[in-house]
Number of protein chains: 4
Amino acid sequence: MAQLALDALNAMSPRDFVAALGDTVEHAPWVAEAAATRRPFADMAALLYAMTEAMASSSDERKLALIKGHPDLAGKAARAGAMTADSKAEQASAGLDRLSEAEFSRFHLLNNDYRKKFSMPFIVCVRRHSKDSILREFERRLRNDATVEKKAALIEIFHIVALRLDQRVEAPERLKVHGQLSTHVLDTHGGQPAAGVMVELDELSASGERRTIASAATNRDGRTDAPLIGGRPIPIGTYELCFHVGAYFARLDTPLADPPFLTIVPVRFSVAEAEGHYHVPLLITPWSYSTYRGS
Amino acid sequence: MAQLALDALNAMSPRDFVAALGDTVEHAPWVAEAAATRRPFADMAALLYAMTEAMASSSDERKLALIKGHPDLAGKAARAGAMTADSKAEQASAGLDRLSEAEFSRFHLLNNDYRKKFSMPFIVCVRRHSKDSILREFERRLRNDATVEKKAALIEIFHIVALRLDQRVEAPERLKVHGQLSTHVLDTHGGQPAAGVMVELDELSASGERRTIASAATNRDGRTDAPLIGGRPIPIGTYELCFHVGAYFARLDTPLADPPFLTIVPVRFSVAEAEGHYHVPLLITPWSYSTYRGS
Amino acid sequence: MAQLALDALNAMSPRDFVAALGDTVEHAPWVAEAAATRRPFADMAALLYAMTEAMASSSDERKLALIKGHPDLAGKAARAGAMTADSKAEQASAGLDRLSEAEFSRFHLLNNDYRKKFSMPFIVCVRRHSKDSILREFERRLRNDATVEKKAALIEIFHIVALRLDQRVEAPERLKVHGQLSTHVLDTHGGQPAAGVMVELDELSASGERRTIASAATNRDGRTDAPLIGGRPIPIGTYELCFHVGAYFARLDTPLADPPFLTIVPVRFSVAEAEGHYHVPLLITPWSYSTYRGS
Amino acid sequence: MAQLALDALNAMSPRDFVAALGDTVEHAPWVAEAAATRRPFADMAALLYAMTEAMASSSDERKLALIKGHPDLAGKAARAGAMTADSKAEQASAGLDRLSEAEFSRFHLLNNDYRKKFSMPFIVCVRRHSKDSILREFERRLRNDATVEKKAALIEIFHIVALRLDQRVEAPERLKVHGQLSTHVLDTHGGQPAAGVMVELDELSASGERRTIASAATNRDGRTDAPLIGGRPIPIGTYELCFHVGAYFARLDTPLADPPFLTIVPVRFSVAEAEGHYHVPLLITPWSYSTYRGS
């Protein structure tokens, strides 16, 4: 979908504005209608504020209807193909479209418990999560009382809207809805950036699955040309960076043991802030290494 | 099998000596017979020297017969149960008794190639190796010429004899046939040894299998009460130490992210010297760590 | 002075016991007299307990007299040579016998303020301190009220007695009155202990003076043969370890910049527990290093 | 002195060009005259090339005269004030204007030995050096033969010209004649950049003097707002960064020993490449730190 300029949105008729952004809130074009009256927007933040404010200041009934307009997570709507295109893409991003039967059952049970307790669907901004963190959130939020949980659902809708606006609208200054995951390899044996080190980023699941989601070689400055994750939230979850340092040192004709003491260095860590900057460097010699959350 | 004191071996009749140690060299009691005439032995090293010297100074025919007395690695003898008890236990230690069909075929082909080229069985001291390092040795040694390879085979027999003597004979000073793998966890967040950290040692195979071979909790000094591997060679191969640091910091009420940045820290390394001392410490905070081959 | 065996002290006449240990408490042989009646002592801790208990359970008048029997720190008694031999040696250990005029004046003023407020001399176990930490203690304790300060003075006397007993009496198990300062140099460039690295230990004063108090070369295990400080308390204060790593790497023909990036690595730290174990290792390459309080 | 735009220099009369740049080579305006004929210059590198090429392609007599036009280092010309303004400022930058009598004598002797051997003054681009590295260069180059040494002198003149052009001429792309010295403090105790850490940069001399040449506090990203040295070569020499980490951790109410284990962390290193980028970060907890040459 082509991006719309913020200026163009400011200049549109209300009808066109709603046509353009009405579906950023699931089945609730009234939110865009209300926001349209607050134009012009100086920047993305003002647009987002108008949308969320419209929801926040609406009546309790309207809020509830808004929440109820969302599909179940990994539920029958997903299987039956009855979701909006955005919802579909979002649920796929966290792997909810490829659950095992056991996982599908677990989601099914949680959905039922949740609906029974709160009489509404469980809403979470899946682009900010992995399957594991969604399950943890699900269980955590099931323990909320109804008032707290309604607020929690609304906040998730705000997250969803913010990410959809970020995708649809073009403006000079972006919303702060992206995280970044980057690395840097320093060769403290030779006192230089380590160039040409293969790095893979794997997403790990609690049940032991591993999926490579990015890979790159370090450049002359020991960094990857682009962040391993950027331009989107980092799904809250567990990751492993695998640095192929054995091949690097072998290429430099460094004297090594046979087999080398270090061949692939795995660095496992979890992301707690989807919008955070996670810089995870590696300081390496053939016999030692350090890593840390940098900045 | 109960250990025999070196003093007792020194005092035995030649016949009893050969009965006691004759089978430390596969199907070649003449080695013990020759060694018996060099008694008394001041220490284990003298005993080992007498045994290896008997082999090294024997005729080429005898050496070849000695080599040929050994079974194929992971060969039909293993499957048919036609090996000596020692050979059987040794091959099991490297997992050669539980090969997949594919691995069995690979060994079978290598055995055939080797027999075709050298007209003798491939001998390796399996207690010093993992399945992966045996396969690498197999391929490396297949490229030797016959003279070099006969020497290589003899050296492996010496390793085997040394380890068998170490198991059978008791003496105040031991042979240097053991390696050691140990760790130490320092909490550089609190400035103290990290006590009560669960540590697991996994053996990794090239094909991606993982087998936990030791686990322990650190004591008040941040060390495990006993080395993770000790009293035997460390099989040449790849290992991963997994340090459960998330639970440690949580127990101390350290402020942590949710989920914590570090929960399990994997440290992957390879052992190249079966008799080496591998001390692999971890310096840890909730946000960083260092590791190295220490001493 | 030759050490006396604890057994011999147990067997002595009371008179001889008092002759032997009477002066471990400055001008108060009655403490040893009282302790003599509690013999035999199973170990050093029992002896120390009998001495301190005699003081702790004495009347307030006696306690005050005991305190008043001590000389001023760096006071006229020191200059006039009117102190006991023990006091003299102890004050010298912290450098109180070689004060500048300015320092002498500062001590003089503090002594006056202290006597004016508490009507007794300021007592501190100088073997556990440096000049700087004595001055800090002096100022801190001047803010105490009289009751708290009398207890503080008594505790210092207990420390003094414990160290004097440790010097005078021989017994299988020692009192825990010693600290230890040690180091270890790991070459993480070569993956081995760094042997032959010159290490100096300097004591730093707040006013910028530096005094080398120990120096040693590392042995094959990367350690010094003996701890840099051991067998006595570590004076509370600030220290700098200087590691001569440039010469070490040059000797190994490691490729280095000219001049090398690292030649002498200073590691500055403070000791807060005189009886603590301070192990301060260095992990070094020609381009990086790490240090930490180890164990 | 106001900078001249490269475009303006391209457009000037030859006479004005020589007036503007003639003195960038000491007492040799003919170099600028020759360069003027090669205009226009596309960039600074072309201008520099024209100047150095004029010198490199001149006759041996002219080269020698060029060299002889330079003053002695820290010589009588310096004391008598008979140098060009540029030379004066340059010699001051390395501290040659404030030598002790002993140092002045040492330079005097070296100047004499050098003149005796080579019949020309010793030339070195002092902006790239400290007093210590000049003395080391002096002694090293005294061992050259005359041919090698004449080339060495010319190369130093090229360095001098490049730096003078860099100061005089303004152009979009700069010559690569600057080094950079920067730092970064990461708090691996709290998992964040360490903000508000005071950092001082001292220049150390072989004879033990210390001169603070820069100081700054780290900003929210743990960096200093500007590099500690930038926009000029880094004098080849030895430096010490002093990080005031004790105050930082105290401000965060981190539990610390009294006195804290680490208060000021000194990091001592040498610069070998005047045009290099020296990034020297500190990873710090209250009980440990790491540093390295980064990028």
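All of the numbers you see were taken from the coordinates with simple rules; none came from a lab. If you're wondering where the values come from, they're calculated on a predicted model, not measured in any experiment. When we count neighbours, we look across all protein chains shown, and the Cβ atoms used for this are built from the backbone with ideal geometry, even at glycine.
Before moving on, here are some points about what is shown:
- Principal-axis tilt of helix D:131-142 within chain D, Cα atoms, nearest 10 degrees: 50
- The trypsin sites (Lys or Arg not before Pro) of segment B:137-171 meeting both criteria, a DSSP state outside H, G, I, E and B (loop) and at most 13 other C-beta atoms within 10 angstrom of the site's C-beta, are B:Arg143.
- Candidates C:Ala42, C:Ala102, C:Ala54: whichever shows maximal mean-square fluctuation once chain C is modelled as a Gaussian network with Cα springs under 10 Å: C:Ala102
- Rounded, prolate or oblate (a/c below 1.5 giving rounded, otherwise prolate when a/b exceeds b/c) for segment C:1-86 by Cα gyration tensor: oblate
- Reference-scaled alpha-carbon Rg (2.2 N^0.38 Å with N residues) for segment C:50-206: 1.28
- Cα pair count fraction exceeding 15 Å, expressed as % - segment B:113-160: 39
- The shape of segment A:128-198 comes out oblate: with a ≥ b ≥ c from the C-alpha gyration tensor, a/c is at least 1.5 while a/b does not beat b/c.
- Cα-derived Rg to Rh of the protein assembly as shown, Kirkwood definition: 1.04
- Every helix of 4 or more DSSP H residues in chain A counts as -39500 (n - 2.57), and over all residues that averages to -12000 deg cm²/dmol at 222 nm.
- Shielding by other protein chains, C:184-194, mean Cβ within 10 Å: 6
- Surrounding net charge for D:Met51, when Lys and Arg each add one and Asp and Glu each subtract one, Cβ distance under 10 Å: +1
- For the rotational copies D and A, the chain D residue with its Cβ nearest the relating axis, together with that separation in Å, is D:Ser290, 3.
- For segment C:175-227, the square roots a ≥ b ≥ c of the C-alpha gyration tensor eigenvalues yield an a/c of 1.5 or more together with a/b not exceeding b/c, which makes the shape oblate.
- Cα-based convex hull, segment C:91-178, per residue volume (Å³, whole number): 99
- Projected area averaged over orientations for segment D:246-295, convex hull of C-alpha atoms, nm²: 4.2
- Using the average count of surrounding beta-carbon atoms within 10 Å as a protection proxy, the listed peptides A:65-72, B:214-221, D:125-132 rank, highest first, as D:125-132, A:65-72, B:214-221.
- Per-selection Kirkwood Rh - chain B (Cα, Å, 1 d.p.): 21.4
- Cross-link partners for B:Lys116 among the lysines, with Cα-Cα distance under 24 Å and sequence neighbours closer than 8 places in the same chain left out: B:Lys63, B:Lys68, B:Lys76, B:Lys131, B:Lys150, B:Lys151.
- Paramagnetic label zone (point 7 Å from Cα along Cα-to-C-beta, C:Arg115; backbone N under 17 Å) in segment C:34-73: C:65-73
- Here the simple spin-label model places points 7 Å from the Cα toward Cβ, and for A:Asp7 and B:Asp97 these points are separated by 7.9 nm.
- Across the identical copies, how the B:Thr254 labels are spaced - nm, sorted shortest first, 7 Å along Cα→Cβ: 1.3, 2.7, 2.9
- Per-residue mean of C-beta atoms belonging to partner chains within 10 Å, peptide B:254-260: 5
- Burial ordering of C:Thr84, A:Thr24, C:Thr37, D:Thr224, fewest other beta-carbon atoms within 10 Å first: C:Thr37, C:Thr84, D:Thr224, A:Thr24
- When B:Lys176, C:Lys117 are arranged by Cβ crowding within 10 Å, least crowded first, meaning fewest neighbours, the order is B:Lys176, C:Lys117.
- Rounded to the nearest 20 debye, the dipole size of the protein assembly as shown about its Cα centre is 20 debye, using +1 on the Cβ of Lys and Arg and -1 on the Cβ of Asp and Glu.
- Relative to the dominant Cα principal axis of chain C, helix C:101-118 is inclined by about 40°.
- When both bridge partners sit in chain B, DSSP labels roughly 80% of those beta bridges antiparallel.
- From the alpha carbon centroid of segment B:93-151 to that of segment C:84-106 is 75 Å.
- In a simple Cβ point-charge model (Lys, Arg +1; Asp, Glu -1; nothing else charged), chain B has a dipole of about 700 debye relative to its Cα centre.
- Solvent-free Debye calculation, one equal scatterer per alpha-carbon of segment D:140-295: log10 I(q)/I(0) at 0.11, 0.13, 0.17 Å⁻¹ equals -0.55, -0.71, -1.01.
- Average other protein chain Cβ within 10 Å of Cβ, residues B:18-26: 0
- Count Lys and Arg as plus one, Asp and Glu as minus one, and take only other residues whose Cβ is under 14 Å from that of D:Leu262; the net charge is then -1.
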